[in-house]
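Since the structure comes first, as structure tokens, the remarks are kept for the end.
The values are calculated or read from the model by the stated rules, or taken from the named source; none is laboratory data. Computed from a prediction, not measured in an experiment: that's the story for all the values here. With ideal geometry, Cβ positions are generated from the backbone for all residues, glycine too; neighbour counts draw on all protein chains shown.
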């Protein structure tokens, strides 16, 4: 019996449909995740004069560049070595030899960060050998660093690619460290390395540096793409506009310690640092979103640096707490759907719980067992988390069913949530990657104390905007 | 406009930066237009040099992203790993009427999300299951297409067999498309492969009802920002009946019944000339190229169409031109003083590197450089009708070359894509995206020209450009 349009329109909103939707095992529909090389070139963009290079099909690179440029409204330079059918048969050696030569001569990078597309991975190209041969053939100078990472789209997601590339770059640069020199020795010991993770809000880096500035803790961001992905318009275009200086990255292991502000996108990098960098404490934590997680960060970094938390920072914190209590009544008891990358989702949920908001549908496309366990613990720790359910490894078509059968008041996630939010008739607060339908969101921090204020502002004002738009005359009040 | 000699000198200077081998490759793709010189064309549709930062995409982008993606009642499965479908998810602005998730599947990303085990063991079983799951969850789909990503072709999956079996199982067409990204040298082969798949599996499988002598198909309009709706309005105003659009806001049925129309009217020649040639050879349907940008070309195109029909249509064409020209003249009157004399450099795909030139000229602007991402020889041949001596032609221009050309030629406006946009805006150059209409549009037809004119004015005359240099750095301070 064929159903009519009207019938199907009703049916896709039902509990029955939701059950069928959750039964599927093979097809993935609207997953909120991108693929590895996008994360890899994102990580590479955070180093000074570094050219991301994708070994494989060229179409992938065109997609990554477009995708990143839409989110940041910034140029994003990456080359591909354009493998085609003949490379599928004979391998991509010639592409690497010619590609490295051209990239080096034309774009004069100080470092070329090589990641791979699926094609190169399926045919099994040996990057180390190929790069070696390119050096022998004189494509590139002997000493030009070319860290590489295997980043097929059929493993993990963009956050995995970020991790792999960052680790590869740090490992490569670390080997270039001159053991004897410690000119900056004493200076270095007071520096703390900060790894932001795959963080689409560039202002987060600036917020962390601001807070550490208040605390008097010197830091090195690994890798810092804030000036690359938020560069000034001066009338002159420069391809390389910032990034962590390679000299600093080479000596990063001499610094006092390392903290990564995301767990899932830095697992291998942190493991590498813990194992290979001598006398160098390193750990990762969930992003400092909201007051509590920011407090955790502040406490950890002050322990690590051996510097007590300054009065000035407490004042800064106090203003955020003031904003939170001022606005609590607008968030308390409100029901939320949250989706995105595991770290960000953890941070948003933690923030909502401390505001008295109720996360209901919590969804990620990826997520390790550890993430699931820790997220369950977080939800269980609060009376406001009791109504929540975690869906790790799900997609936005699942989310739509959840919203239609068990409604919430607001959704938080990236721009891809807009169809589900529209069908559910709720506002979408845009946090995450990519945000391609609003301007300047990446210029606002969502971490640190200022990040808490920003999230409160966006969420509460969206509710109040809805209220004003939908009020009848009698309830249209000046005071809210 | 540069002289031919100046142009040649600029090209020579730009090529200097390349290693010898690449220089020899690239110089064949760069030229200054010289009408008297028949051998001065550029080389095209060959492999991009590795490592130079080409803007080109891949066959998957040409098939799923361009040709198939806009067909709204068909579910397009991005078959393979998650990335390709993610990046092409609603990023081409193919507007479609219909209820999302019910009978319109354009703003979706359906993926088989390959994992390592699928690479090792093959994805055919998974694909079969996917097709059944989709058909169960979206019962009003009228068919499915399988858009192959790179790994599918490398691991030796037999998607044709799965398609054949599932077509029987579900009683709807399931079309395998071999558009793996490593095939060919750009999007272009993807268009061809997509056309061939439609030819082999879809076309002519249904008859058109209520045929008339004015039935036409509009081929190669993807309804970017509503372009196809504007085109349809303009064609129907003169009495033609647009029975089928390929493939903006299209239904499967439109593609099935296309061989029953009287004439194929093609806009994007590059991506769909194949199917026009096929319909001409197999069904004897003539085809004609038109240009929907700017009143001069629109009027020319309508008259060209009129010639292919009868006096009734011819009379309608004249009436429509007369009527619409009033508004067009007003638009030109308003904007020409603001943008006239400004120089433009174009770099786009498909038909736009030549087709939009007329619209700029209607506003008194001058195109001083143009090039195609994935054009062929026939595109460059056709371009000659649009340009004057001294225009710089660049095929598959590299990021480096484009920057250098813009610095040396110093146009007032650059019109290209998202990857280029912010490079030139950082230089303080007004810019418009000409793939997506910069989230504006439509640009086709009479109505489109008004929007086009407004947008070019906005880009060129935005007061924000005056903010670039602070007053303490301005000359004389």
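Can we say residue B:143 is at pLDDT 95 or above, more than 7 Å from every other protein chain (Cβ to nearest Cβ), farther than 25 Å from residue B:203 by Cα and in contact with a strand residue (DSSP E or B) (Cβ under 8 Å, 6 or more places away or on another chain)?
no
Look through the range A:401-418, keep the residues that are touching a residue at least 60 places away in the same chain (Cβ under 8 Å) and closer than 16 Å to residue A:10 by Cα, and return whichever of them is surrounded by the most Cβ atoms within 10 Å (Cβ to Cβ).
Per the stated criteria, the residue is A:402.
How many residues are in a helix (DSSP H, G or I) and within 30 Å of the chain's Cα centre (by Cα) if we restrict to the range B:136-150?
Selection size over the range B:136-150: 1.
Checking residue B:65 against (1) facing chain A (nearest Cβ under 10 Å); (2) in a loop (DSSP other than H, G, I, E, B); (3) in contact with a helix residue (DSSP H, G or I) (Cβ under 8 Å, 6 or more places away or on another chain): exactly one of these is not met. Which one?
If we test residue B:65 against (1) facing chain A (nearest Cβ under 10 Å); (2) in a loop (DSSP other than H, G, I, E, B); (3) in contact with a helix residue (DSSP H, G or I) (Cβ under 8 Å, 6 or more places away or on another chain), just (2) comes out false.
Tell me, which residue of the range B:423-449 that is crowded, with 20+ Cβ neighbours inside 10 Å, part of a helix (DSSP H, G or I) and in contact with a helix residue (DSSP H, G or I) (Cβ under 8 Å, 6 or more places away or on another chain) is nearest to the other protein chains (Cβ to nearest Cβ)?
Checking each candidate, the answer is B:423.
Which one of these is under 21 Å from residue B:420 (Cα atoms) and more than 7 Å from chain B (Cβ to nearest Cβ): A:71, A:55?
A:71
Does the range B:87-107 contain any residue that is at the interface with chain A (Cβ under 10 Å from one of its Cβ atoms), within 29 Å of residue B:435 (Cβ to Cβ) and in a helix (DSSP H, G or I)?
yes
Just checking, does the range B:374-388 include any residue being in a strand (DSSP E or B), more than 12 Å from every other protein chain (Cβ to nearest Cβ), in contact (Cβ under 8 Å) with a residue 24 or more places away in the chain and in contact with a strand residue (DSSP E or B) (Cβ under 8 Å, 6 or more places away or on another chain)?
The answer is no; no qualifying residue exists.
Name, by its number, the condition in (1) farther than 30 Å from residue B:438 by Cβ; (2) within 21 Å of the chain's Cα centre (by Cα); (3) touching a residue at least 40 places away in the same chain (Cβ under 8 Å); (4) surrounded by 22 or more Cβ atoms within 10 Å (Cβ to Cβ) that does not hold for residue A:392.
With respect to (1) farther than 30 Å from residue B:438 by Cβ; (2) within 21 Å of the chain's Cα centre (by Cα); (3) touching a residue at least 40 places away in the same chain (Cβ under 8 Å); (4) surrounded by 22 or more Cβ atoms within 10 Å (Cβ to Cβ), residue A:392 is out only on (4).
Determine whether the range B:213-230 contains at least one residue that is under 19 Å from the mean Cα position of the chain (by Cα), over 18 Å from residue B:92 (Cα atoms), modelled with pLDDT of 95 or more and within 14 Å of chain A (Cβ to nearest Cβ).
No, that holds for no residue.
Going by the conditions given, is residue A:175 more than 9 Å from every other protein chain (Cβ to nearest Cβ), at pLDDT below 95 and surrounded by fewer than 17 Cβ atoms within 10 Å (Cβ to Cβ)?
Against the criterion (more than 9 Å from every other protein chain (Cβ to nearest Cβ), at pLDDT below 95 and surrounded by fewer than 17 Cβ atoms within 10 Å (Cβ to Cβ)), residue A:175 does not qualify.
Taking only the range B:202-217 into account, find how many residues are more than 13 Å from residue B:285 (Cβ to Cβ) and buried (at least 16 other Cβ atoms within 10 Å of the Cβ).
Number of matching residues: 3.
Among the residues of the range B:44-60, is there at least one that is within 28 Å of the chain's Cα centre (by Cα), facing chain A (nearest Cβ under 7 Å) and assigned to a helix (DSSP H, G or I)?
So far as the range B:44-60 goes, yes, one or more of its residues are within 28 Å of the chain's Cα centre (by Cα), facing chain A (nearest Cβ under 7 Å) and assigned to a helix (DSSP H, G or I).
Is it the case that residue A:78 is touching a helix residue (DSSP H, G or I) at 6+ places or on another chain (Cβ under 7 Å), crowded, with 24+ Cβ neighbours inside 10 Å and within 17 Å of residue B:423 (Cβ to Cβ)?
yes
Is there a residue in the range B:261-270 that is within 22 Å of residue B:372 (Cα to Cα) and out of contact with any helix residue (DSSP H, G or I) (no Cβ under 8 Å at 6 or more places or on another chain)?
So far as the range B:261-270 goes, yes, one or more of its residues are within 22 Å of residue B:372 (Cα to Cα) and out of contact with any helix residue (DSSP H, G or I) (no Cβ under 8 Å at 6 or more places or on another chain).
If a residue has to be more than 30 Å from residue B:451 (Cα to Cα) and surrounded by fewer than 13 Cβ atoms within 10 Å (Cβ to Cβ) to count, how many in the range B:275-309 make the cut?
Result for the range B:275-309: 4.
Hey, can you tell me all the residues within the range A:1-31 that are surrounded by 13 or more Cβ atoms within 10 Å (Cβ to Cβ), at the interface with another protein chain (Cβ under 9 Å from one of its Cβ atoms) and part of a loop (DSSP other than H, G, I, E, B)?
Those that are surrounded by 13 or more Cβ atoms within 10 Å (Cβ to Cβ), at the interface with another protein chain (Cβ under 9 Å from one of its Cβ atoms) and part of a loop (DSSP other than H, G, I, E, B): A:3, A:12, A:24, A:26, A:27, A:30, A:31.
Output the number of the condition that residue A:367 fails; it satisfies all remaining conditions of (1) closer than 26 Å to residue B:86 by Cα; (2) modelled with pLDDT of 95 or more.
Of the numbered conditions (1) closer than 26 Å to residue B:86 by Cα; (2) modelled with pLDDT of 95 or more, the odd one out for residue A:367 is (2).
Can residue A:229 be described as within 23 Å of the chain's Cα centre (by Cα), more than 14 Å from chain B (Cβ to nearest Cβ) and within 13 Å of residue A:196 (Cβ to Cβ)?
Against the criterion (within 23 Å of the chain's Cα centre (by Cα), more than 14 Å from chain B (Cβ to nearest Cβ) and within 13 Å of residue A:196 (Cβ to Cβ)), residue A:229 does not qualify.
Which one is surrounded by the fewest Cβ atoms within 10 Å (Cβ to Cβ) among residues in the range B:403-420 that are closer than 24 Å to residue B:23 by Cα and more than 20 Å from the chain's Cα centre (by Cα)?
B:410
Conditions first: (1) crowded, with 23+ Cβ neighbours inside 10 Å; (2) in a helix (DSSP H, G or I). Residue B:126 passes all but one, so which condition is the exception?
Only one criterion is unmet by residue B:126, namely (1).
One residue is enough: does the range A:36-49 have a residue meeting the conditions more than 7 Å from every other protein chain (Cβ to nearest Cβ), touching a helix residue (DSSP H, G or I) at 6+ places or on another chain (Cβ under 6 Å), closer than 30 Å to residue A:260 by Cα and not in a helix (DSSP H, G or I)?
Taking every residue of the range A:36-49 in turn, at least one turns out to be more than 7 Å from every other protein chain (Cβ to nearest Cβ), touching a helix residue (DSSP H, G or I) at 6+ places or on another chain (Cβ under 6 Å), closer than 30 Å to residue A:260 by Cα and not in a helix (DSSP H, G or I).
Could you look through the range B:146-178, keep only residues that are in contact (Cβ under 8 Å) with a residue 12 or more places away in the chain and out of contact with any helix residue (DSSP H, G or I) (no Cβ under 9 Å at 6 or more places or on another chain), and pick out the one that is farthest from the other protein chains (Cβ to nearest Cβ)?
B:160
Looking at the range A:323-336, is at least one residue touching a helix residue (DSSP H, G or I) at 6+ places or on another chain (Cβ under 9 Å) and closer than 17 Å to residue A:445 by Cα?
Yes, that holds for at least one residue.
Looking at the structure I just gave you, is residue B:182 over 26 Å from residue B:271 (Cβ atoms) and within 14 Å of chain A (Cβ to nearest Cβ)?
Taking the combined requirement at face value, the residue does not satisfy it.
For the range B:98-136, give me each residue that is in contact (Cβ under 8 Å) with a residue 24 or more places away in the chain, more than 15 Å from residue B:159 (Cα to Cα) and in contact with a strand residue (DSSP E or B) (Cβ under 8 Å, 6 or more places away or on another chain).
B:98, B:105, B:106, B:108, B:109, B:110, B:113, B:134, B:135
Name every residue in the range B:228-245 that is within 19 Å of residue B:64 (Cα to Cα) and in contact (Cβ under 8 Å) with a residue 60 or more places away in the chain, in order of residue number.
Answer for the range B:228-245, where residues must be within 19 Å of residue B:64 (Cα to Cα) and in contact (Cβ under 8 Å) with a residue 60 or more places away in the chain: just B:228.
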